[in-house]
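Each reported figure results from applying straightforward, stated rules to the coordinates on display, with no laboratory input. Since we're looking at a predicted model, the values are computed, not measured. No Cβ is skipped: glycine too gets one built from the backbone with ideal geometry, and neighbour counts run over all protein chains shown.
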Amino acid sequence: MLIDFGNNLWISSALALQTGILLGVFYFSGLWWTVRRLGSSQYVALLFLGSLLFRTGVVIVGFYFILGNNWPQLLLGLLGFIILRGFAIRLIRRRNDLGLVIEPVLAIKQKKPYAP
């Protein structure tokens with residue numbers, strides 16, 4: 001573990017949980033950004049794969065270097081990540097239930113339909 005949260009159990013637990021939540025914010029906001037850009041990208045597969053590898057890499061490195069050798073802190077970090085995932089799912093379902101349509105950002109000009 002490269003970062004020592006100290007000997008106080010409550011403070012180290014709170015910081016580990018907060019770290020997991022922040023890593024979740026990074027991961028799921030990156031996912032949100034990627035999904036919104038897929039409709040306007042010419043290279044959909046490259047954008048999706050690049051974003052997936054970058055987001056996953058940052059989260060794995062974050063868990064390893066910040067929460068690494070201390071398994072209770074790692075579990076609390078994972079709990080924070082899962083809590084944020086649940087929050088993101090509820091937020092998206094709530095928007096869908098309210099009738100707010102989440103549409104991708106379209107930056108490419110629409111072509112006229114083909115008329116023979």
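Couplings 3J(HN,Hα) for region 73-81, derived from phi with the Karplus relation 6.51 cos²θ - 1.76 cosθ + 1.60 (θ = phi - 60°), are 5, 4, 5, 5, x, 5, 4, x, 4 Hz, where x marks Gly and Pro. Counting neighbouring beta carbons within 10 Å and listing from fewest to most, the residues Arg37, Arg93, Arg55 come out as Arg93, Arg37, Arg55. Counting 0.36 nm for each residue step from Val44 to Val61 and taking away their Cα separation leaves a gain of 3.6 nm.
In order along region 55-60, the Karplus-derived 3J(HN,Hα) couplings, from 6.51 cos²θ - 1.76 cosθ + 1.60 at θ = phi - 60°, round to 4, 5, x, 5, 5, 5 Hz, and Gly and Pro are given as x. In order along region 87-94, the Karplus-derived 3J(HN,Hα) couplings, from 6.51 cos²θ - 1.76 cosθ + 1.60 at θ = phi - 60°, round to 4, 5, 5, 4, 5, 5, 5, 5 Hz, and Gly and Pro are given as x.
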